[in-house]
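> Below is one structure. I have some questions about it.
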Amino acid sequence: MSSTPASEGRTLVVVPTYDEVENLPVVAARLFTAVPEAHLLVVDDGSPDGTGELAERMSADDERVHVLHRSGKLGLGSAYVEGFTWGLGRGYSVIVEMDADGSHPPERLPEMVARVSSGAPDAPALAIGSRWVPGGSVVDWPLRRQVLSRGGNAYARIVLGLSIKDVTAGFRAYTREALAGMDLTTVDSKGYCFQVDMTLRVLDGGARVVEVPIEFRERTLGTSKMSGSIVVEAMARVTRWGLERRLGRLFRR
Ligand SMILES: Nc1nc2c(ncn2[C@@H]2O[C@H](COP(=O)(O)OP(=O)(O)O)[C@@H](O)[C@H]2O)c(=O)[nH]1
Ligand SMILES: [Mg+2]
């Protein structure tokens, strides 16, 4: 692991990786072109393809790059939780979630970061890079994935009573206050429901969420780690959270 320079006022971009050796250098170059002052934290789960070793070499060459190595494929949610905790401990003021596969355009980060760090009293604590608001789009995404994403979002919106259009999106900028105000040790969602879980935690903390339109592009290199069990986990948990919230409201009356 690399040393940590003073990071007050800086942005940390957390990128979880599992077998992204071709994608990581491309996304890192795009990130540092778009936001040269940002720091990058790669959270690698022992990728068999050598992504972790590549990240280590990148970190030796560039003091903005940091790496956490985990023992095996433990899931996206816990990778982010470890990354967030690392970033909070080092004083970053904005902490970003971004995939390694190039689907999330780092070029949109300046706007997302600006929205959460404007300093205005009603500034949002979370900016979501959204596919499903006007101006947002998806490119080269199979119809099956589009239907799943739109359907999953519609279901979550109805069951949880949310107005957010892309609550499963994994491209996000949080203020440190939003993350510091949560008990991250109780997050145990692995896949898409991690994104829903985090959104509910921000809203329950009384903070605002905004959506910034992005163009989402399907990866051109490597393979997706999305699986049926991740979809089942998301459906089951969203349903449970929806019921719990409704019952909770009923009993408070
Ligand atoms: N550290 C870690 N990263 C993961 C894991 N599963 C997926 N990722 C990373 O999470 C990001 C999104 O995964 P991806 O397979 O592209 O999912 P999709 O975009 O929904 O198809 C990529 O950067 C993956 O390498 C995991 O278990 N651990
Ligand atoms: Mg992807």
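The values are calculated or read from the model by the stated rules, or taken from the named source; none is laboratory data. The structure displayed is predicted, hence computed values, not measured ones. Neighbour counts run over all protein chains shown; Cβ positions are idealised from the backbone, glycine included.
> Is there a residue in region 12-19 that is surrounded by fewer than 18 Cβ atoms within 10 Å (Cβ to Cβ) and modelled with pLDDT of 95 or more?
Looking through region 12-19, none of the residues is surrounded by fewer than 18 Cβ atoms within 10 Å (Cβ to Cβ) and modelled with pLDDT of 95 or more.
> Say we look at region 98-124 and pick out the residues that are under 14 Å from the mean Cα position of the chain (by Cα) and not in a helix (DSSP H, G or I); which of these is farthest from Gly77 (Cα to Cα)?
Once the filter is applied, the top-ranked residue is Pro105.
> Among the residues of region 111-125, write down those that are over 17 Å from Phe216 (Cβ atoms) and surrounded by 14 or more Cβ atoms within 10 Å (Cβ to Cβ).
Val113, Ala114, Arg115, Val116, Ser117, Ala123, Pro124, Ala125
> Six or more apart or on different chains, Cβ under 9 Å: which pairs go from a residue in region 145-165 that's more than 16 Å from Val209 (Cα to Cα) to one that's among the acidic types (Asp, Glu) and outside any helix (DSSP H, G or I)? Could you list them?
So the pair list comes out as Arg145/Glu218; Ser149/Asp166.
> Moving on to the next point. Being of a type in the set (D, E, K, R) and touching a Pro at 6+ places or on another chain (Cβ under 9 Å), is that true of even one residue in region 200-209? I'd like the intermediate steps shown before the answer.
We begin by selecting, within region 200-209, every residue of a type in the set (D, E, K, R); these are 201, 204, 208.
Checking the rest, the ones that are also touching a Pro at 6+ places or on another chain (Cβ under 9 Å) come to 208.
Looking through region 200-209, at least one residue is of a type in the set (D, E, K, R) and touching a Pro at 6+ places or on another chain (Cβ under 9 Å).
> Every residue in region 163-174 that is of a type in the set (Ser, Thr, Tyr) and within 16 Å of ligand 1 (Cβ to nearest atom), please.
If the condition is that a residue be of a type in the set (Ser, Thr, Tyr) and within 16 Å of ligand 1 (Cβ to nearest atom), then Thr168 is the only one that fits.
Per-residue answers, yes or no, for (1) within 12 Å of ligand 1 (Cβ to nearest atom); (2) more than 20 Å from Leu74 (Cβ to Cβ); (3) modelled with pLDDT of 95 or more:
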{"position": "Val159", "(1), (2), (3)": "no, yes, yes"}
{"position": "Arg176", "(1), (2), (3)": "no, yes, yes"}
{"position": "Met182", "(1), (2), (3)": "no, no, yes"}
{"position": "Phe194", "(1), (2), (3)": "yes, no, yes"}
{"position": "Arg208", "(1), (2), (3)": "no, yes, yes"}
{"position": "Arg217", "(1), (2), (3)": "yes, yes, yes"}
{"position": "Leu221", "(1), (2), (3)": "yes, yes, yes"}
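> Among residues belonging to region 223-253 that are among the basic types (Lys, Arg) and more than 15 Å from ligand 1 (Cβ to nearest atom), point out the one that is modelled with the lowest pLDDT.
If we take residues in region 223-253 being among the basic types (Lys, Arg) and more than 15 Å from ligand 1 (Cβ to nearest atom), then Arg253 is modelled with the lowest pLDDT.
> With surrounded by fewer than 22 Cβ atoms within 10 Å (Cβ to Cβ) and touching a residue at least 60 places away in the same chain (Cβ under 8 Å) as the only criterion, which of Ser78, Ser59 stands out?
Ser78
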